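Q: First the structure, which I've put down as structure tokens, then a few questions once you've had a look.
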Amino acid sequence: MLRFEGVGSTHTCNGVTRRDFLQVGTLAAAGLTLPGLLQAKEQGHLVDDERSGIMIFNLGAPSQLDTFDPKPNAPAEIRGPFKAISTASPEIQLSEILPQHARIADKFSLVRSCYHTSAAVHDAGWQMLQTGRKFVGGVETPHVGSVVDYLRGRRTDLPAHVVLPELMGRGGGNLPNGQAGGFLGKSHDPFVLSADPSKPDFQVPDLLPPAEIGTARLNRRQKMRDIVDSTLDHFEQSADAKLLDSNFQAAYRLMTSPQAKEAFDLSKEKPKVRDRYGRNRFGQCCLLARRLIEAGVRFVTINTFLTVFDEITWDIHGSKPFTSIEGMKNIVAPMYDQAYSALIEDLDQRGMLDKTMVACVAEFGRTPKVNPAGGRDHWPQCFTCYFAGGGVQGGRVVGQSDPIGGVPADRPADPPEIVGTIFRGMGFDLETELPGPAGRPFPIVDFGRHEIKELF
């Protein structure tokens, strides 16, 4: 399904983009004219257009005590079965189940004092960490990537925001979960891959014409449509009609773009590179994310899993149908450890890391005490998120949890600050406003909130 609005990058002779003119209409309410917009750009208050972002959403929620915030001196029922190990950063200890993270710990920084005050259900956490806000008053806040799409549009034939491999499925709460364009409209929903790039027969459904229409016929249909549209001056001008037209053009542009086909073609990568990332769904999604960012996509969301049900995930309640701690150790952690380390090293070696914010987030943490089934349950009171690239200084720990990993002991960080950090890493001014419900100004993060400044 393809649901986005394409924005070209046509320039006038003085360097002003079509996007600049479109922005003026949005900003006029705040009294910012075209000269003011250009001045703001010169003063660095608007987006650094060279920056991109990757959000890795650790669906199911890793146990902070068994991964990024070990407590080696805590009682056994708190610290769990894994040892703490040293890393490339003298400030950071990690769980022994993340040895590749340990090797590159100088390239990312941890925030061990994250929390949120929403319900301890997956959907609520997905909403909070992808938008920075609760779902209240019927307002559906757009995903971070949808905000990027709205404010900057796409650079190339490729969409501005891509979700890999699929949207999140059920979370058990049946609540809005922050995966779409929200009040910005469906034209700013992400492009969703809807395929597994690790499969031998991997193809991107939306790059393929309908089965009954070959490429030649598709081109003829486009030409016929252009003729019809040019002769119908009274063509319906409703919002729905315009959206349908923009989506048709976007779909056609994507399907016929050699650049798009090249970016999604993992066969272009050397086998050893694909092996380095891991020949599994998450590993190949990380590799594909690097290729898409390199090709001009502004923001990629990678969901580590598709749902918390009927999969081996971070959701380690300990008993079926959920994952055991052993399943996390033997299946989840090795796959994740390999792919993440490959992504960060690859971006770094290609000179892309400084301009690419990589944020690893989750809906909450896990209970400090191991439950009777040998697992841990939902715990939004304290968890770890971590960041690399986009100007983040690596090898740091910001904030601390208490001795049992139950609550922040200092420097608490909530979802507005976490999302604000992603925007900051992409060069956004956090006072940027969106046209919210009823036309009222709606800041990209809550008024008065800021990024986690200690990371930069």
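Q: Does the range 163-175 include one or more residues that are under 12 Å from the mean Cα position of the chain (by Cα), crowded, with 24+ Cβ neighbours inside 10 Å, in contact (Cβ under 8 Å) with a residue 60 or more places away in the chain and in the same structural domain as residue 360 (by TED's automatic domain parsing)?
A: yes
Q: Checking residue 409 against (1) in a loop (DSSP other than H, G, I, E, B); (2) small (Gly, Ala, Ser); (3) surrounded by fewer than 17 Cβ atoms within 10 Å (Cβ to Cβ): exactly one of these is not met. Which one?
A: Against the list (1) in a loop (DSSP other than H, G, I, E, B); (2) small (Gly, Ala, Ser); (3) surrounded by fewer than 17 Cβ atoms within 10 Å (Cβ to Cβ), residue 409 comes up short only on (1).
Q: Kindly indicate whether residue 387 is of a type outside the set (Asp, Glu), modelled with pLDDT of 95 or more, surrounded by 18 or more Cβ atoms within 10 Å (Cβ to Cβ) and under 24 Å from residue 50 (Cβ atoms).
A: Working: of a type outside the set (Asp, Glu): yes; modelled with pLDDT of 95 or more: yes; surrounded by 18 or more Cβ atoms within 10 Å (Cβ to Cβ): yes; under 24 Å from residue 50 (Cβ atoms): yes.
Taking the combined requirement at face value, the residue satisfies it.
Q: Output the number of residues of the range 86-106 satisfying the condition of being touching a strand residue (DSSP E or B) at 6+ places or on another chain (Cβ under 9 Å), part of a loop (DSSP other than H, G, I, E, B) and among the hydrophobic types (A, V, I, L, M, F, W, C).
A: Within the range 86-106, residues that are touching a strand residue (DSSP E or B) at 6+ places or on another chain (Cβ under 9 Å), part of a loop (DSSP other than H, G, I, E, B) and among the hydrophobic types (A, V, I, L, M, F, W, C) number 3.
Q: Return the only residue of 337, 354, 348 being surrounded by fewer than 16 Cβ atoms within 10 Å (Cβ to Cβ), within 30 Å of residue 456 (Cα to Cα) and of a type in the set (Asp, Glu). Spell out how you get there, then give the answer.
A: Details: 337 fails: surrounded by fewer than 16 Cβ atoms within 10 Å (Cβ to Cβ); 348 fails: surrounded by fewer than 16 Cβ atoms within 10 Å (Cβ to Cβ).
Among 337, 354, 348, only 354 is surrounded by fewer than 16 Cβ atoms within 10 Å (Cβ to Cβ), within 30 Å of residue 456 (Cα to Cα) and of a type in the set (Asp, Glu).
Q: From the list 430, 434, exactly one residue is out of contact with any His (no Cβ under 7 Å at 6 or more places or on another chain) and either modelled with pLDDT of 95 or more or outside any strand (DSSP E or B) (or both). Which is it?
A: Checking each option against the conditions leaves just 434.
Q: What do you reckon, is residue 374 assigned by TED's automatic domain parsing to the domain that holds residue 60, over 20 Å from the mean Cα position of the chain (by Cα) and at pLDDT below 95?
A: Judged against the criteria, residue 374 is a match.
Q: Could you identify the single residue in 405, 365 that is more than 21 Å from the chain's Cα centre (by Cα), assigned by TED's automatic domain parsing to the domain that holds residue 78 and within 25 Å of residue 75 (Cβ to Cβ)?
A: After applying the criteria, what remains is 405.
Q: From the set of residues in the range 312-330 that are in a loop (DSSP other than H, G, I, E, B) and without any contact (Cβ under 8 Å) to a residue 24 or more places away in the chain, which is nearest to the chain's Cα centre (by Cα)?
A: Here is the first cut: in the range 312-330, the residues in a loop (DSSP other than H, G, I, E, B) are 312-324.
Then keep just the ones that are without any contact (Cβ under 8 Å) to a residue 24 or more places away in the chain; that gives 312, 320-321.
Details: 312: 21, 320: 29, 321: 27 Å.
Of everything passing the filter in the range 312-330, 312 is nearest to the chain's Cα centre (by Cα).
Q: Further, regarding this structure: Whether any residue in the range 344-354 is in contact with a Lys or Arg (Cβ under 6 Å, 6 or more places away or on another chain) and within 22 Å of residue 55 (Cβ to Cβ) is what I want to check.
A: Scanning the range 344-354, I find at least one residue that is in contact with a Lys or Arg (Cβ under 6 Å, 6 or more places away or on another chain) and within 22 Å of residue 55 (Cβ to Cβ), so the answer is yes.
Q: For residue 202, only one of the following conditions fails: (1) within 30 Å of residue 49 (Cβ to Cβ); (2) out of contact with any helix residue (DSSP H, G or I) (no Cβ under 6 Å at 6 or more places or on another chain); (3) at pLDDT 80 or above. What is its number?
A: (1)
Q: Might you let me know whether the range 331-350 holds any residue that is over 14 Å from residue 114 (Cβ atoms) and outside any helix (DSSP H, G or I)?
A: Step one: list which residues in the range 331-350 are over 14 Å from residue 114 (Cβ atoms), which gives 331-350.
With outside any helix (DSSP H, G or I) added as a condition, the list becomes 350.
Looking through the range 331-350, at least one residue is over 14 Å from residue 114 (Cβ atoms) and outside any helix (DSSP H, G or I).
Q: Here's a follow-up. Give the number of residues within the range 112-145 that are touching a His at 6+ places or on another chain (Cβ under 7 Å) and aromatic (Phe, Trp, Tyr).
A: The total comes to 0.
Q: A follow-up question, please. Identify, by number, the condition in (1) outside any loop (DSSP other than H, G, I, E, B); (2) modelled with pLDDT under 95; (3) not hydrophobic (A, V, I, L, M, F, W, C) that residue 448 doesn't meet.
A: (1) is the only condition that residue 448 fails.
The values are calculated or read from the model by the stated rules, or taken from the named source; none is laboratory data. Remember, predicted model here, so these are calculated numbers, not experimental data. Note that we place each Cβ from the backbone using ideal geometry, even for glycine, and neighbour counts take in every protein chain shown.
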